[in-house]
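Every number here is computed from the coordinates shown, using simple stated rules; none is lab data. The structure displayed is predicted, hence computed values, not measured ones. We place every Cβ from the backbone using ideal geometry, glycine too, and count neighbours over all the protein chains shown.
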Amino acid sequence: MFFLLIFLPPLGLMPMTTTPVQSDLALWTTLRTRRRHVEQLRGIDAMAGRWITRTKHSRKGMSFLNEQADHVLALGDQWKDYTEDQLDERVMDIRQIFARRDYTDAHVVVAMAAIREVARRELGEYPYKVQVMGAMGLFHGQIVEMVTGEGKTLTAALGASLLAWLRRPIHVVTVNDYLAQRDADTRKPIYRRCGLAAQGIVSDTPPEERQSLYRLPIVYLTQKELVADWLKDQLKLGRIVDPVSARWRSYAMAGGSKASQGVMIPGLFVALVDELDAVLIDEAVTPLIIAQARGADSQGELYLRARELAMQLVPNEHFVVDLRKRRVKLTEEGRYQAEDLLGEQDDIFKRSPRRREEMLEQALVAEHCYLIGDQYQVVEDEIVIVDEYTGRFMEDRQWQHGLHQAVEAKHALEVTEDRDTLASLSFQRFFKQYPHLCGMTGTAAEAIAELEATYSLPVRVIPTNRPMQRKMLPDLIFARSEDRWTAVAQEVRQMHQQGRPVLIGTRSIESSEQLSELLTKQGLEHQILNAVHHEEEAPIVAKAGQLGAITVATNMAGRGTDIKLGKGVTDIGGLHVILTERHTARRVDRQLYGRSGRQGDPGSARNIVSLEDELLIKFSGKLSAALRTRFAARHTPLPAWTKRVFDRAQRKAQNQAFKSRAQVLRQDEELDRTLPR
């Protein structure tokens, strides 16, 4: 488990950038959100809750969205005939209806037709029927699954415009700063003509600007920035529960400053989450923590000494490693051995056997369960965590309970000091506070049950605009990892000789670098994209569909950037995707497959994997070991039935991840009982 760490300077109130009335309103709406709580149902109640969710939203199911979209498209020619002035006048008339919240389904159809025409005139992008269906789903508070390449960015703009007309500030949540800024900038012409304003908030946006930006109708930002700013507001408000108590507090404060002057986020109303599965599932168990340093570190030497002692212990004799749970447990003999190894300088460890055992186990976890290039990378003498779902650096994060310090000691780096936690909040608990939560993703179908149970949101799987032409080729499974890499290089060469572009997905930085070296030796020119080589991410991904292009990438590739096929590529079969290792969630695999075959283009995808992959070692260790022994002398692909071993391991991994998120939910419930509301 790791957490997102925000370093907080001494708390103070920011200069007031709003009028007193606006400031009081912001405070009131913030405090109202603070008291909002959605109880998590369990057992039979949870099953009943899912049934209620489906029943509640049944009237606005796929048939309803399809019918409404047909009505919108039927109005297209009528809106095209309007002059520029007539269009602006009609848009303002409809906007007033929504501002009064006196609208019907018929008004929604007309409004969507108006925004669709605005998009055509301002950006030259005329939304397809499936994009209109997706936008309708967002407006009605649903999760929309749209296949990669179907135009989710434009879909979000349609839905956000309509929701903003209800005069409720919208937070459009994206997975990184680049997408937040890009989408806010590229969609501005639509919003501007609809009488709305939109901006992006990124990591380097100054605090004095954020307060005014949060008061705009539409704000694009990442979940990290949003939750961090929310927690900072809560710290500034302290135990204030209503505006009246805030006023009394302000009179008691030096200088008569108002507490409300420090509120950045004026309440939580609407969240539209792009790549929703990444935020509400993959990142759900990650608590965001605001912390401040205690001062000089006093335990750095202990972590270094604990590693020295741990490296003298023998695996399976003195300790047992559980790779699946990333845990290490000292045996009884290991405890005695550790005690015998203590010297005169180990007075603290002698006096505190429990602390000694904890630090030894963390040192062993760092050594055996966390590998450089997989879970982390050393960058400028600092440990930087690598997100296993995206392959990106998570520069603001640290592992908990001394693990981060143990990894630092592993590489003989300066051990960072412990920090005091000032505020903590998980992403799933935060987003459940929104009265209107909706989102989009290319892969939600596998998590329908969890999304319905946790967030009471229905999932609508939107069809593709054109028939899918991507071909899934049979898996190639090898006993040993080196045979897999050889097969990958051979397939890349075959596709390259045909002129087809190839995208190879790897799970780790180390794997991507290893494959890059192999391709270089074979004279295959390629681009590499991972957390180390990421400066030109968008241009590299955008060119990955050109004739003869070869791109090696971790999972970070492609989210938010279309891979468009170059001239002549369609005629020779389109983009070919190779997945070199299955992930713990099938959704992540599907995201990579989805880079090919977009918008009816031809394409293909194949898994080329081995029995030595991390997924099997962790979640099907004994069976994979038996198979490796059985096929030890075989260098050719294994029988097709061995694919079931990977399916089984993937299911076990997904079940464990679900249980972990359920545990965080229980912790969230405990927080709700103790924190002020």
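For the pairs 471/643; 622/643; 56/652; 152/188; 236/410, note any where the Cα-Cα span goes beyond 27 Å.
Numbers: 471/643 18 Å; 622/643 16 Å; 56/652 32 Å; 152/188 16 Å; 236/410 38 Å.
From 471/643; 622/643; 56/652; 152/188; 236/410, over 27 Å: 56/652; 236/410.
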- Sequence order, the range 466-480: Karplus ³J(HN,Hα) from phi using 6.51 cos²θ - 1.76 cosθ + 1.60, θ = phi - 60°, Hz rounded, Gly and Pro as x, gives 10, x, 5, 10, 5, 9, 8, 7, x, 5, 10, 10, 10, 6, 10
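Contour minus end-to-end for residue 414 and residue 640, with contour as 0.36 nm per residue of separation and end-to-end as the Cα-Cα distance?
Working: separation 226, 0.36 × 226 = 81.36 nm, distance 4.91 nm.
Gain on stretching residue 414 to residue 640: 76.4 nm.
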- Query: Ranked highest first by average number of other Cβ atoms within 10 Å, how do 483-495, 651-663 line up?
  - Reply: 483-495, 651-663
- Sequence-distant residues sharing a close amide H with residue 222 (under 5 Å, placed H): 174
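Summing +1 for each Lys or Arg and -1 for each Asp or Glu, what net charge is found among the other residues whose Cβ lies under 13 Å from the Cβ of residue 494?
On the way: positive: 493, 500, 606; negative: 491.
That works out to +2.
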- Residues other than residue 461 with Cβ under 12 Å of its Cβ, Lys/Arg counted +1 and Asp/Glu -1, net out at -2
- Message: Compute the distance from the alpha-carbon center of the range 160-177 to that of the range 339-410, in whole Å.
- Response: 40 Å
- Message: Starting from the 7 Å offset along Cα-to-Cβ, what nm value, one decimal, do you get for the label separation of residue 317 and residue 372?
- Response: 2.8 nm
- Task: Using a cut-off of 11 Å between beta-carbons, work out the net charge of the residues near residue 198 (Lys and Arg +1, Asp and Glu -1, residue 198 not included).
- Result: +1
- Please list, or write none, the aspartates and glutamates whose alpha carbon is within less than 17 Å of the alpha carbon of residue 60, excluding same-chain residues fewer than 8 places away. 70, 105, 145, 452
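Give me 92, 112 ranked fewest to most by other Cβ atoms within 10 Å of their Cβ, as a rough exposure proxy. Can you show the working numbers first?
Numbers: 92 12, 112 26.
In increasing order of surrounding Cβ atoms, one gets 92, 112.
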- Scalar couplings 3J(HN,Hα) for the range 596-605 by Karplus 6.51 cos²θ - 1.76 cosθ + 1.60 (θ = phi - 60°), nearest whole Hz, x for Gly and Pro, are 10, x, 7, 6, x, 5, x, x, 8, 8
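By per-residue mean of other Cβ atoms within 10 Å, what is the highest-first order of 303-312, 629-638?
On the way: 303-312: 19.7, 629-638: 13.0.
Descending mean neighbour count gives 303-312, 629-638.
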- Query: About its Cα centre, what dipole magnitude does the range 304-410 give when the only charges are +1 on Lys and Arg Cβ and -1 on Asp and Glu Cβ, stated in debye to the nearest 20?
  - Reply: 400 debye
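For the range 469-652, just say rounded, prolate or oblate: build the C-alpha gyration tensor, square-root its eigenvalues into a ≥ b ≥ c, call rounded for a/c under 1.5, and beyond that prolate if a/b exceeds b/c, oblate if not.
On the way: a/c = 1.68, a/b = 1.65, b/c = 1.02.
Taking the square roots of the gyration eigenvalues as a ≥ b ≥ c, the range 469-652 is prolate.
State to the nearest 20 debye the size of the charge dipole of the range 469-652 about its Cα centre, where the only charges are +1 on K and R beta carbons and -1 on D and E beta carbons.
Details: 29 positive and 20 negative charges, 201 e Å.
Dipole of the range 469-652, to the nearest 20 debye: 960 debye.
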- Task: Would you pull out the residues with amide H under 5 Å of residue 461's amide H, same chain only if 5 or more places away, H placed 1.01 Å from N?
- Result: 145
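What is the antiparallel percent of DSSP beta bridges lying wholly in the range 304-410, to the nearest 5? Don't skip to the end; give the middle numbers.
On the way: 10 of 12 bridges.
Around 85 percent antiparallel, to the nearest 5.
Stretched out fully, how many nm does the piece from residue 461 to residue 178 gain, at 0.36 nm a residue minus the Cα gap? Each step should come with its number before you reach the end.
Details: separation 283, 0.36 × 283 = 101.88 nm, distance 2.70 nm.
Taking residue 461 through residue 178 to full extension adds about 99.2 nm, to one decimal.
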- Amide H neighbours of residue 426 at under 5 Å, excluding residues fewer than 5 places away on the same chain, with H built from the backbone geometry, are 288
- Task: Please order 77, 589 by the number of other Cβ within 10 Å, starting at the fewest.
- Result: 77, 589
- Task: Rank these for me by crowding, 230, 165, going from fewest to most other beta carbons within 10 Å.
- Result: 230, 165
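Is there a quick way to get the dipole size of the range 56-204? I mean about its Cα centre, with the Cβ of Lys and Arg at +1 and of Asp and Glu at -1; what is the value in debye to the nearest 20?
460 debye
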- Task: Can you find, among 91, 142, 153, the residue farthest towards the positive end of the dipole of the range 60-188? Put +1 on the C-beta of Lys and Arg, -1 on that of Asp and Glu.
- Result: 142
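Which FRET efficiency value, to the nearest 0.05, is calculated for residue 106 and residue 648 with the Förster distance at 45 angstrom and r the Cβ-Cβ distance?
Details: r = 51 Å, r/R0 = 1.13.
Efficiency, rounded to the nearest 0.05: 0.30.
Pull out the extension gain between residue 659 and residue 336, defined as 0.36 nm times the separation in residues minus the alpha carbon to alpha carbon distance; nm, one decimal. Display every interim value, and only then the final one.
Details: separation 323, 0.36 × 323 = 116.28 nm, distance 3.45 nm.
My answer for the length gained is 112.8 nm.
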- What list of ³J(HN,Hα) couplings, whole Hz, do you get for the range 133-150 from phi and the Karplus terms 6.51, -1.76, 1.60, once you set θ to phi - 60° and write x for glycine and proline? 4, x, 5, 4, x, 4, 4, 8, x, 10, 9, 10, 9, 10, 4, 3, x, 8
